[in-house]
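See below for the structure under consideration.
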Amino acid sequence: MLPVTLRASYDVEPMELKTFTCPGQARMGERHIVKSAAGMSLMTFVSRVFGLMREWLRGYLLGTTGSSDAFALAFLFPNLLRRLVGEGALMAAFVPVISDYREHHSTEELEDFTYSFFTLLLFILLGIVVAALLSAGVLRFFLPEFSKVEGKIELTIKLTRLMFPYILFISLAALSQAILNAHKVFMPSAATPILLNISIISFGLLASGIFSDPAYALGIGVLVGGMIQFIFQWPFLARYGIRYRFRFQFRGRGVKQVLRLMVPGAIGAGVYQINALVSQFIAAFLEEGSVAALRFSLTLIELVLGIFVISLTTVILPVLSEKSSKGDMNGMKESLRYALRLVFIITLPALFGLIILRYPLITMLFRYGRFTSESVDMVAHALLYHAVGLVGIGGTRVVVQMFYSMKEMKTPVYVAAGVMVENIVLCMLLSGRLRLGGIALAGSVSAYCNFFALLYLLEKRIGRVVDRGVVWCFFKSLLASLCMGGMLWFVLQQLQQFMAMSRLYNAMVTLCMIVAGLLVFLLISILLRNRDVVDLMRAFRERLGRKL
C-alpha cells in the first residue's frame, strides 16, 4: 500500500507538507534498504579484497618511491573525473531524472532520453580526453618538486596520457550503473570494480618486467580495466531492452535537466575527491613518497567506506528519488534517518579500529618488496588523522543524497565551495608542523564541516531529521566502539613483541584482533539493545546464506 500524499512540494514550510506513511510500511522500507545495501556490500567486500591485492602489488613493485608518486598522481586525474563526472555528478543527476521518466512518461520517451544522453555524454568525454592528452605537459609547471628528481615529471606526464582515456570508459560504465540502479539492480555495477582490480593485478604480474618501469604495466591495466567495466554491463542492460544507440535529440527536457543538475553536482558530489586532489598536490612539495603514502592511507579509508557506506548511498538514492517523485516527504526522512544510523554503526568502530591497529594492519597488508619500514611509518602517520574523519565522510555521503533526490544541487555546491577553501587553508597551515598528518587532518576537519553544514541546511528546509533514534544509535555505537577500542589497545600492548618476531605472527594476531574487536562491538551493541545492529546482522546473514 502506497503512502497517501496530500500535498507534494519542496518549496513550502515543513509543516505545510503532509504525507502519511504507516509504521509497518516504513519498517518494510528499512528492511529493503539494509538488504539491498548488505547484498551490495558482500560484492563490494570481494572487490575491496582485490583492491587490497592491487595496492599490495603496487607497494611491492613501487613502494613509496618516485615512480609510486608518479603513478599515484597520474591515476588521480582520471580517477577524480570518474568520481566527479561519472559516479558523482552523473549518478546524482541521472537517477532522479530517469526515476521521473519511468514514473510519468512512456517507454518511447524514456528510450529517447536515455539514448540521447548517452550520445551527448560520449562526445563530451571524447573532447575531455583529447584536451587532456594535448595539455598533459603543463604538469611541469604545477609540479616543480617532481622536476628536481631525474625522470620523475616525465614519467608522470607519460602515465597521465596513458591512463586518462580511462575516464571515457568508466563514465559510460557509470551511466550503465545509473540505469540499472534506477531499475533497483545493484549487483552488476558492484561487481565491476573487481574486474578493474583483476586487470591491474594481471598486467602488473605478467607485464611489469617488459617495461623500463613497472608503473607502465599498472597503467595499461587501468585502461583495459575501464573498457571491461563498461562492456560487462551490456548483457544486464539488454534484459531491460536497453542497447546503446546514437540519438541526437539533445534539446529534450530530460537531457537538459540532467546537464543542469550535473554541473553543480560535479562540485557538490565530489568535494571529498577535490580535497584529495588538493591534498596530494600539497603533499608533492613534501619529502619523496608523500603522495604515495597519502594514497595508501586513503585506500584503507576507502576500504571501510566502500564495503558498506558507498553501497548504502548507492541504494538509497533511487529509494529517495522514487519517494520524492511521489511526494512522500515523511518516507524520505525515515529512510535518511535509517541510513544515518547505519553509517554510525559502520564508521564509529572502524574509526577506533584503524587508529589502534594502524601499524600492524599496514605491515600486514603492504610491508613487502620496496615497501619499507619507513613507508609503514609514513602511511601510519597519515592514517591516524585520516581515520578521524570517517564519520564525517560517511554522513556527508548519505545526507547529500537527500538533496540530489529532490533535484537540489545548489546547496551542496555552496557548502562544497566553502569546505574546499577551508581545506586548502588548513592543509597549508597544518602540513608545516604535522607534515602528512596535517594534510590528512585538514581533510577530516573539512569532512565534518561539510556534514554538519549540509545537515543544518537540510533541517532548515524540510524540518527535523536527527530524531531521538539517530542520537541514541550514535551514542550506543560510540560506547560499543570505545569498549572495543579499549580491548584492542590492551591486547596490542601485551602482544607487540610477539607480533614483531615475524610477518606471519603479525598477520595472525592482527586478523584475530579484527575478528575479536567485531565480536566485542556486536556483543556490547546487543546488550545496549541497538536494534539496527541486529537488523544489519540479520541482513548480512540472509544474503550470505543465499550466496552460499
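The modelled label-to-label distance between residue 489 and residue 452, using points 7 Å beyond Cα along the C-beta direction, is 2.3 nm. Stretched out straight at 0.36 nm per residue, the stretch from residue 147 to residue 52 would grow longer than its current Cα-Cα span by 31.2 nm. Placing pseudo-labels 7 Å out from each Cα toward the beta carbon at residue 514 and residue 126 gives an inter-label distance of 4.4 nm.
Derived scalar couplings between HN and Hα for region 97-110 equal 5, 5, 5, 5, 5, 5, 7, 10, 10, 6, 5, 5, 5, 4 Hz in order, rounded to whole Hz, by the Karplus curve 6.51 cos²θ - 1.76 cosθ + 1.60 (θ = phi - 60°), x for Gly and Pro.
Taking R0 as 41 Å, what's the FRET efficiency between residue 373 and residue 460 from their Cβ-Cβ distance, rounded to 0.05? The computed FRET efficiency comes out at 0.20. Each 10 Å bin from zero holds the following percent of Cα-Cα pairs in region 40-266: 8, 31, 32, 20, 8, 1, 0. Between the alpha-carbon centers of region 444-478 and region 381-396, tell me the distance in whole angstrom. Between the Cα centres of region 444-478 and region 381-396 lies a distance of 16 Å. Report note on the peptides 187-200, 413-426: ranked by the mean count of other C-beta atoms within 10 Å, highest first, their order is 187-200, 413-426. In this simple spin-label model, placing a label point 7 Å from the Cα along the Cα-to-Cβ direction at both residue 472 and residue 496 gives a separation of 4.0 nm.
For the cross-link pairs 256/333; 326/460; 333/407; 256/323, the ones whose C-alpha atoms lie over 20 Å apart are 256/333; 326/460; 256/323. If you average the C-alpha positions of region 162-200 and of region 482-536 separately, how far apart do those two centres end up, in angstrom? Spelled out, the Cα-based centre of one part sits 34 Å from the other.
Among 398, 343, a tally of other beta-carbon atoms within 10 Å of each Cβ gives an order, fewest to most, of 398, 343. Over all other residues within a Cβ to Cβ distance under 10 Å of residue 200, the charged ones net out to +1, with Lys and Arg as +1 and Asp and Glu as -1. Residue-wise HN-Hα couplings along region 332-349, as the Karplus relation 6.51 cos²θ - 1.76 cosθ + 1.60 with θ = phi - 60° gives them from phi, are 5, 4, 5, 5, 5, 4, 5, 5, 4, 5, 5, 4, 4, 4, 8, 7, 5, x Hz; Gly and Pro carry x. Packing-based ranking of 229-242, 399-412 yields 399-412, 229-242, ordered from highest to lowest mean Cβ neighbour count within 10 Å.
Extension gain, residue 248 to residue 205, is 11.2 nm, computed as 0.36 nm per intervening residue step minus the present C-alpha separation.
For region 195-203, the Karplus equation 6.51 cos²θ - 1.76 cosθ + 1.60, evaluated at θ = phi - 60°, returns couplings of 5, 4, 5, 4, 5, 5, 4, 4, 5 Hz by residue, with Gly and Pro reported as x.
None of the figures in this text is laboratory data; all of them are computed from the coordinates on show. All of these numbers come straight from a predicted model, not from anything done at the bench. Neighbour counts run over all protein chains shown; Cβ positions are idealised from the backbone, glycine included.
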